[in-house]
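The values are calculated or read from the model by the stated rules, or taken from the named source; none is laboratory data. Source: prediction; values computed, not measured. All Cβ positions, even for glycine, are placed from backbone atoms using ideal geometry, and neighbour counts span all protein chains on display. The accessibility values were calculated without ligands, DNA or RNA, using every heavy atom of the protein model including side chains. Shrake-Rupley method; radii C 1.70, N 1.55, O 1.52, S 1.80 Å.
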Amino acid sequence: MDSASVVPSLEDIHSSVPIPQRWWRRFLAFSGPAFMVSVGYMDPGNWGTDLEAGSRFGHRLLWVLVMSNLMALLLQSLASRLGIVAGRDLAQACRESYPRRTVFALWGLTEIAIAATDLAEVIGTIIALKLLFHIPYLIGLAIAATDTFLLLALQRRGVRLLELLTLLLVGAIAGSFFIEIALARPDWAGVVRGLLPGLDPLEPLDSLYVAIAMLGATVMPHNLYLHSALVQTRAFPQTTDGKRLACKYNLIDSGLALNGALFINAAILVLAATKFGEGVKTLQKAHELIGASLWGGYTAGILFAIALLASGQSSTLTGTLAGQVVMEGFVQLRVRPWVRRLLTRLAALLPALFVLSFASAGEGESIDARLFDLLVLSQAVLSFQLPFAIIPLVQFTGDRRRMGPFANPFWLQTLAWFVAAIIVALNALLLGMSMLDWAEKAADSGWHPLWIYGTMGPIALMLTVFLVWVALYPRLHSRAVSLPAFVEPQLLEVHYRRIGVAVEFGKGDSPVLAQAAAVARVHGAPLLLIHVVEGPGADYYGSATDDQESRADRQRIGELVEHLRKQGLEAEGELGYGEPASELVRLARERHLDFLVLGTHGHRFFADLALGHTVSPVLHRLQIPILVVPSVGERGT
């Protein structure tokens with residue numbers, strides 16, 4: 001498809017996080033994307049498979065989690081490398097490489113996977129609300145329908161605040177299970193034995209089925225799309241050295257985040273193996289057994305429910321961003337985030353509402369069991385879509401025309417294809433075993449098994465043929481990349497008529513005003529001094545704000561204008577009210593500025609981690625030249 005004009009991934013927060021020079025601040029600046037992605041590896045869907053594995057087979061399948069984590073680390077590092085080096089997320093790369101019909105088919109499959117992910121999050125949320133506050137499922141479903149719209153407002157404050165909130169939710173999950181494991185006192189010798197590959201000798205087929213389900217629940221397809229977009233929120237230099245540095249720090253970020261997810265999944269499995277003497281078929285049963293078997297049972301049960309709620313909410317947050325990336329990347333369809341969220345959430349609510357409505361006539365245990373079955377089904381849907389994300393990813397990151405010197409070396413490309421082959425084979429085996437299981441259940445219910453084979457068989461065949469097409473098309477239709485002919489640049493005369501200057505009434509204003517004054521004198525242009533008043537009053541009342549801070553700002557900007565006029569410069573001042581980046585963009589457009597001078601007035605340390613800077617959002621939203629002047633304290637750092 002045509003890729004002449006590609007909108008940056010997550011445009012509102014693209015390149016919005018500056019990269020400092022000091023190594024420890026640089027490490028903090030690059031940290032975050034993998035932690036947001038890691039919540040997909042500990043969502044309620046993973047809980048179901050981990051609980052079943054631990055309660056039925058003890059520690060025997062712990063090695064599956066370790067293997068899945070290694071695979072996930074490889075695939076996520078490839079996704080981040082694609083975003084950093086090629087400047088494309090996985091959906092955009094697919095759009096550029098496949099014909100239109102293939103792109104729309106891949107988009108449809110990915111949207112189904114995101115809806116399945118959201119279904120698991122909805123189920124986890126409503127179960128947690130019932131366990132914590134005894135809220136009925138239908139009311140919990142209504143709460144789950146609206147909760148994410150509150151989270152969407154956080155995106156307006158920048159990606160760092162989203163990452164901080166996600167990190168807090170992940171911390172709540174990890175802290176809860178750390179305490180749970182301490183209370184459970186597991187058999188550590190059995191834990192070590194569980195790291196040795198093998199299946200349960202008494203139930204080899206059943207343990208194989210659960211092992212494949214664990215793999216499908218661990219490696220999430222939408223995370224590959226999301227990670228390739230989130231790494232582009234960092235404003236690293238677009239040079240070979242800058243990209244190499246970004247790849248290094250994102251690999252460290254992925255290692256830390258995914259190993260944290262491994263700890264949480266392993267904790268769930270070990271907890272189930274230690275305290276559950278029977279197969280656990282519902283999350284509610286797991287909560288009940290934890291409360292009855294652990295010392296401090298009430299507290300342990302509360303911690304379990306809190307972790308489940310945090311898991312659902314954190315996964316909801318990242319699922320929203322993944323949906324935005326996929327829709328904009330595949331079909332360049334841009335809709336308001338709340339509309340996007342509403343469509344995805346409705347697709348997840350309808351199956352849950354259907355189950356609750358038809359199971360409400362039965363006993364509570366029946367509803368719980370059906371919700372758990374729906375949770376497991378959502379993970380099966382994810383596993384079927386996974387190869388359609390992995391195969392293009394491996395192809396793109398191994399393509400030297402796209403990746404240049406960052407293309408996968410032979411050993412890494414071989415390893416990536418080996419992992420892809422394992423995942424495709426295991427998913428094919430899972431599909432076959434699932435069809436056999438569904439056919440047996442249909443026969444027990446009085447239906448002929450051909451209803452299963454006649455419907456699922458053709459679907460499986462079509463998916464197989466489509467997967468082969470996705471794998472072969474880039475090789476059969478490789479596009480030769482030729483360098484365009486050299487075009488001599490035209491050095492047109494430039495004249496600025498009105499220059500804007502953002503001021504903060506601090507020591508950082510001096511270098512900013514010096515640069516602005518130099519440009520103004522050369523072009524004979526007037527200066528417009530802009531200062532943005534922040535705070536709740538400014539957000540609500542706007543220009544009608546009349547508190548002490550706004551009155552002081554009016555006086556200071558007037559004094560600064562008078563000072564510049566005495567220096568022989570034509571100047572005026574104007575105050576903005578609310579969010580600095582948005583106000584700077586608005587005033588620049590309303591006052592028809594054709595040049596803007598900004599200082600790197602930023603927050604420090606923890607505030608910077610949460611809120612980020614103003615400079616990068618302005619750079620990407622204004623189509624005029626912008627001069628960014630470093631503050632005195634940042635020079636040479």
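If you take the residues in region 541-568 that are over 23 Å from residue 519 (Cα atoms) and acidic (Asp, Glu), which one is modelled with the highest pLDDT?
553
Kindly indicate whether residue 262 is assigned to a helix (DSSP H, G or I), at pLDDT below 70 and within 30 Å of residue 164 (Cβ to Cβ). Quick ask: steps written out before the conclusion?
On the way: assigned to a helix (DSSP H, G or I): yes; at pLDDT below 70: no; within 30 Å of residue 164 (Cβ to Cβ): yes.
No.
For the list (1) at pLDDT below 70; (2) closer than 18 Å to residue 461 by Cα, I need the number of the one condition that residue 428 fails.
(1)
For region 244-279, name all the residues that are over 22 Å from residue 195 (Cα atoms) and either open to solvent by 40 Å² or more (accessible area, probe 1.4 Å) or over 23 Å from the mean Cα position of the chain (by Cα) (or both).
Across region 244-279, the qualifying residues are 244, 245, 248, 251, 252.
Any idea which of 517, 538 is more than 14 Å from residue 583 (Cβ to Cβ) and either open to solvent by less than 20 Å² (accessible area, probe 1.4 Å) or modelled with pLDDT under 90 (or both)?
Values: 538 fails: more than 14 Å from residue 583 (Cβ to Cβ).
When all the criteria are applied, what remains is 517.
Determine whether residue 444 is closer than 22 Å to residue 244 by Cα and open to solvent by 30 Å² or more (accessible area, probe 1.4 Å).
Here the answer is no, as residue 444 does not meet what is asked.
Restricting to region 171-180, name every residue that is buried (at least 17 other Cβ atoms within 10 Å of the Cβ) and either aromatic (Phe, Trp, Tyr) or closer than 21 Å to residue 57 by Cα (or both).
Within region 171-180, 177, 180 qualify.
How many residues does region 569-598 contain that are within 21 Å of residue 514 (Cα to Cα) and either within 30 Å of the chain's Cα centre (by Cα) or open to solvent by less than 30 Å² (accessible area, probe 1.4 Å) (or both)? Walk me through it before giving the result.
Step one: of region 569-598, the residues within 21 Å of residue 514 (Cα to Cα) are 569-575, 584, 588, 593-598.
With the extra rule that they be either within 30 Å of the chain's Cα centre (by Cα) or open to solvent by less than 30 Å² (accessible area, probe 1.4 Å) (or both), the set shrinks to 569, 571, 575, 584, 588, 593-598.
Residues meeting the conditions: 11.
Is it fair to say residue 196 is open to solvent by 40 Å² or more (accessible area, probe 1.4 Å), in contact with a helix residue (DSSP H, G or I) (Cβ under 8 Å, 6 or more places away or on another chain) and in a loop (DSSP other than H, G, I, E, B)?
Values: open to solvent by 40 Å² or more (accessible area, probe 1.4 Å): yes; in contact with a helix residue (DSSP H, G or I) (Cβ under 8 Å, 6 or more places away or on another chain): yes; in a loop (DSSP other than H, G, I, E, B): yes.
Yes.
State which residue is most open to solvent (accessible area, probe 1.4 Å) when the search covers only region 66-87 and only residues that are closer than 23 Å to residue 242 by Cβ and of a type in the set (S, T, N, Q).
The qualifying residue most open to solvent (accessible area, probe 1.4 Å) is 77.
Taking region 389-418, which residues are open to solvent by 10 Å² or more (accessible area, probe 1.4 Å), in contact with a helix residue (DSSP H, G or I) (Cβ under 8 Å, 6 or more places away or on another chain) and assigned to a helix (DSSP H, G or I)?
Scanning region 389-418 gives 391, 395, 402, 404, 405, 406, 413, 415, 417.
Assuming residue 62 fulfils every condition listed in (1) within 25 Å of residue 413 (Cα to Cα); (2) surrounded by 22 or more Cβ atoms within 10 Å (Cβ to Cβ) apart from one, which condition is it?
(1)
Test residue 430 against the criterion of being in contact (Cβ under 8 Å) with a residue 40 or more places away in the chain, aliphatic (A, V, I, L, M) and open to solvent by 70 Å² or more (accessible area, probe 1.4 Å), and give yes or no.
On the way: in contact (Cβ under 8 Å) with a residue 40 or more places away in the chain: yes; aliphatic (A, V, I, L, M): yes; open to solvent by 70 Å² or more (accessible area, probe 1.4 Å): no.
So residue 430 fails the test.
Would you mind telling me which numbered condition in (1) modelled with pLDDT of 75 or more; (2) part of a helix (DSSP H, G or I); (3) not basic (Lys, Arg) residue 628 fails?
Condition not satisfied by residue 628: (2).
Quick check, is residue 453 buried (at least 16 other Cβ atoms within 10 Å of the Cβ) and under 30 Å from residue 429 (Cα atoms)?
Numbers: buried (at least 16 other Cβ atoms within 10 Å of the Cβ): yes; under 30 Å from residue 429 (Cα atoms): yes.
So residue 453 passes the test.
At pLDDT below 90 and under 31 Å from the mean Cα position of the chain (by Cα): which single residue out of 197, 221 fits that description? Full working, then the answer.
On the way: 197 fails: under 31 Å from the mean Cα position of the chain (by Cα).
Answer to the selection: 221.
If residue 131 meets every condition in (1) in contact with a His (Cβ under 9 Å, 6 or more places away or on another chain); (2) crowded, with 24+ Cβ neighbours inside 10 Å; (3) farther than 30 Å from residue 406 by Cβ; (4) not small (Gly, Ala, Ser) apart from one, which number is that one?
(2)
Scan (1) modelled with pLDDT under 90; (2) outside any loop (DSSP other than H, G, I, E, B); (3) touching a Leu at 6+ places or on another chain (Cβ under 8 Å) for the single condition residue 616 breaks and write down its number.
All conditions are met except number (3).
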